[in-house]
Amino acid sequence: MVFEDVPEDGYLISSPRFPSPYPNNCHASWTFKNACATSFAITTASFVLEQHPKCGFDYLKLILPDDDPDDDKDVFCGAEG
C-alpha cells in the first residue's frame, strides 16, 4: 500500500485482519511518500509482537530511501517501540 502526501494528522495503519490474528506467513508493506517532508515521526499507540532474539518472525522494519533493504539496523520486535 502506498500513501502519497501524508496529511498533517497522519495515517493509522494496522496488521491485516486486526484486531483478529493475521494469517501465517503474512507479509504487509506500507510506503509513505511526501515530496515536501524533511523528516517524519512514527508514533505507536500499541506495539506488541512475538518476541524472538533476532526478530525472526514478527517485526517492524523501517527502510529509508537511501538504506540497503537487507540491512537490519532499523528492525523492531517484541514490545519495543
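Points to keep in mind about this one:
- Annotation note: Cβ proximity below 7 Å between a residue of segment 25-53 that is under 16 Å from Ile63 (Cβ atoms) and a residue that is part of a loop (DSSP other than H, G, I, E, B) and open to solvent by less than 60 Å² (accessible area, probe 1.4 Å) (sequence gap 6+ or interchain) occurs for Ala28/Ser15; Ala28/Pro16; Phe32/Val6; Asn34/Val6.
- Note on segment 22-79: residues that are of a type in the set (Val, Ile, Thr) and surrounded by fewer than 12 Cβ atoms within 10 Å (Cβ to Cβ) total 4.
- In summary, Pro16 fulfils each of the numbered conditions (1) modelled with pLDDT under 75; (2) open to solvent by less than 100 Å² (accessible area, probe 1.4 Å) with the single exception of condition (1).
The values are calculated or read from the model by the stated rules, or taken from the named source; none is laboratory data. Remember, it's a predicted structure, so these values are computed and weren't measured experimentally. Neighbour counts are summed over all protein chains in view; Cβ atoms, including those assigned to glycine, are modelled from backbone coordinates with ideal geometry. The protein model used for the area step is the full one, side chains on, heavy atoms only, and it has no ligands, DNA or RNA in it. Shrake-Rupley method; radii C 1.70, N 1.55, O 1.52, S 1.80 Å.
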